[in-house]
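The values are calculated or read from the model by the stated rules, or taken from the named source; none is laboratory data. All figures in this text were calculated on a predicted structure; none of them were measured in a lab. Note that we place each Cβ from the backbone using ideal geometry, even for glycine, and neighbour counts take in every protein chain shown.
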Amino acid sequence: MKIILKEIPDLHRIDVYESNGGYSAFRKALKEMSPDEVTNEVKNSNLRGRGGACFPTGLKWTFMPKTGDKPKYLCCNGDESEPGSFKDREIFEKNPHQFIEGVLLACYAMGIKSAYVYIRGEYYKWINLLQAAIDDAYKKGYIGKNILGTDFSTDVYIHRGAGAYICGEESALMNSIEGKRGYPRVKPPFPAANGLWGCPTTINNIETLANVPEIIKNGAEWFSKIGAPKHPGTLLFGVSGHVNKPGVYELPTGTPLMTIIDDYCGGILGGKEIKMVIPGGSSMPPLTKEECLKANMDNESLKEFSSSIGTAGVMVMNEDTDILKVLIRIAKFYYHESCGQCTPCREGTGWLLRVLKRIDDGKGRLSDLELLTSVAQNIEGNTICALGDAAAWPVKWTVKKFREEFVKRIPKDEIDVPVLNKVHSLR
Amino acid sequence: MQLFNEEELKRIEEIKSHYPDARAALLPVLWMVQEKEGWISPDSMKYAGDLLGVPYEHILGVVSFYTMFNKQPRGKYHLQICTNVSCMLRGGYELYNYVSEKLGIKNNETTADGMFTIEEVECLGSCATAPMMQVNNKEYYENLDTNKVETLIEEFSKHIK
């Protein structure tokens, strides 16, 4: 079942895309559907955001005001900076026009005249690929003034980021488009009321928008029956780490994790056993081997294991992996990427990293494990944006689920005086 | 300072028209500065500020926030090696350490001849083709190992001479 990464040669070319039914959904919407009908179709399909939060897309669109003189904006989030995620670049490369058509449908549904596609600065190659596709769509009259002879007009621009994980957070992304430091904004007000330049704004993930044309073409009911009922459709699973065939695999939601690893990725590298899998990009709580055997890859199913689908970036680790080293690398990342606005995140990410390193240096104490959990819990929920949670979850849950991995690194003769430890951590 | 020629200034006008507020063109203009100069100097920040009506202090804040904007000159070949988890699992650190030792430079240092800078970078979205290296914020070199990276560096060295 392929909705986005269809196996059609040269689908990235506009003529090939058109001859395979491309832009027919947009034509249909312009001719036969009212903007509200488009929104309703998306709403009824139960499409949920593919950027990690799984928010219902159609519902998000209904938050946009229908009246008022302020211009409205669409931001397409192609920052893709979550470690382990590399799906959007696949869309830019293999099927950019389906994404562009999704953008146009979203603009039509919400009465938007300017859409900005925010792409991480490192994706130089893919920015050029998408720009070429946008240029072709302009030439064919799908974007621009009076599209296809109607009174609907809209423009699509690419905005290149410059290396900041935090700009994948929707309000930081808006600040970055406005030419500012990528600081997340306090919510409320929410973007639908007060977004880019104080105007109503909707932010959608690239993959989310790429699903929309097929929903309009084939109907909400068709889409809602694919995969897991509460989280329907397909996902672009980006599998990396210790598998024989890493890559992006488009599969229905709810596909068992082991099916992805064994049947699609050719099993674990070197015929080893699994030790840990991070199911949705580095901020998601990991799964143990036992959990992997039971896990289905949709948001509701992963909740059972206190995890979440995130961006569906599956990172697989075999039995030889040093879990502590992996967690240190993750903690280092969030420490580096914290924007510094909120004290719990700015300071807490550094504390997590230093305590983890202390354990790695053989100077850990048993009470460090409680300390890590405590610091993580004091970051979680106490920050403006979700980067704090993203930094806290992997530490909290890896320590909980893989406690033995940490305990075995703590010297046996250590004197575990909690008070001393507290004094130490304050230094 | 007059950094941009007529054509480039026209391009900037075009970029400004994408946004309701000219200040939003700051990131694209800074990219153009870096493309031309290799880094973003205080003088070029002031120049960009005058073009867009943005105070120097604001630009300094922006340039220092984004890791891809070079705050100092870089080597002709800026080697950006990912060591985040997916790359780490497939030898990202081995690759980084190899290049670092071969060139005799540490993170963010430049070789004495000004040819190479090495930088340890965060995930570049190339996880299935790990380990990898980006060069000069542009080209991706994927599925690397120490042999392949050695050949690449030799190749780059030839271009320099």
From the list A:Ile4, A:Ile14, pick out the single residue that is at pLDDT 95 or above, under 22 Å from A:Gly58 (Cα atoms) and crowded, with 17+ Cβ neighbours inside 10 Å.
A:Ile4
One residue is enough: does the stretch A:86-97 have a residue meeting the conditions on the phi < 0 side of the Ramachandran plot, touching a helix residue (DSSP H, G or I) at 6+ places or on another chain (Cβ under 8 Å) and acidic (Asp, Glu)?
yes
Can you list residue pairs whose Cβ atoms sit under 7 Å apart, with the first residue in the stretch A:225-252 being away from chain B (no Cβ under 14 Å) and the second being among the acidic types (Asp, Glu) and crowded, with 24+ Cβ neighbours inside 10 Å? Count only pairs 6 or more apart in sequence or on different chains.
A:Gly227/A:Asp298; A:Ala228/A:Asp298; A:His231/A:Asp298
Any residue at all in the stretch B:103-112 that's within 26 Å of A:Val243 (Cα to Cα) and more than 7 Å from chain A (Cβ to nearest Cβ)?
no
Restrict the check to the stretch B:72-82 and report whether at least one residue is away from chain A (no Cβ under 12 Å), under 22 Å from B:Gly114 (Cα atoms) and hydroxyl-bearing (Ser, Thr, Tyr).
yes
Do you know which of the residues in the stretch B:105-147 that are surrounded by fewer than 22 Cβ atoms within 10 Å (Cβ to Cβ) and among the hydroxyl-bearing types (Ser, Thr, Tyr) is farthest from A:Ser283 (Cα to Cα)?
B:Thr111
I'd like to know if the stretch A:94-106 contains one or more residues that are within 13 Å of another protein chain (Cβ to nearest Cβ) and either assigned to a loop (DSSP other than H, G, I, E, B) or surrounded by fewer than 21 Cβ atoms within 10 Å (Cβ to Cβ) (or both).
no
Listing of helices (runs of 4 or more DSSP H) fully contained in the stretch A:354-408 that carry 3 or more residues being in contact (Cβ under 8 Å) with a residue 60 or more places away in the chain
A:387-401
Select from the stretch A:125-147 the residues that are without any contact (Cβ under 8 Å) to a residue 12 or more places away in the chain and either in contact with a Lys or Arg (Cβ under 6 Å, 6 or more places away or on another chain) or within 11 Å of chain B (Cβ to nearest Cβ) (or both) and write down the one among them that is surrounded by the most Cβ atoms within 10 Å (Cβ to Cβ).
A:Lys125
Yes/no for A:Cys199 being out of contact with any helix residue (DSSP H, G or I) (no Cβ under 7 Å at 6 or more places or on another chain) and either in contact (Cβ under 8 Å) with a residue 12 or more places away in the chain or of a type outside the set (A, V, I, L, M, F, W, C) (or both):
yes
Collect the residues in the stretch A:49-89 that are within 25 Å of A:Cys199 (Cβ to Cβ), outside any helix (DSSP H, G or I) and basic (Lys, Arg), keeping them in residue-number order.
A:Arg50, A:Lys66, A:Lys70, A:Lys72
Here, strands (runs of 3 or more DSSP E) confined to the stretch A:150-266 with at least 3 residues that are more than 18 Å from the chain's Cα centre (by Cα) are A:155-160
Enumeration of residues in the stretch A:310-345 that are surrounded by fewer than 24 Cβ atoms within 10 Å (Cβ to Cβ) and more than 14 Å from every other protein chain (Cβ to nearest Cβ)
A:Cys342, A:Thr343, A:Pro344
Looking only at the stretch A:217-242, which residues are buried (at least 24 other Cβ atoms within 10 Å of the Cβ) and over 28 Å from A:Arg27 (Cα atoms)?
A:Phe237, A:Gly238, A:Val239, A:Ser240, A:Gly241, A:His242
So how many residues does the stretch A:111-149 have that are closer than 17 Å to A:Cys76 by Cβ, part of a helix (DSSP H, G or I) and not hydrophobic (A, V, I, L, M, F, W, C)?
4
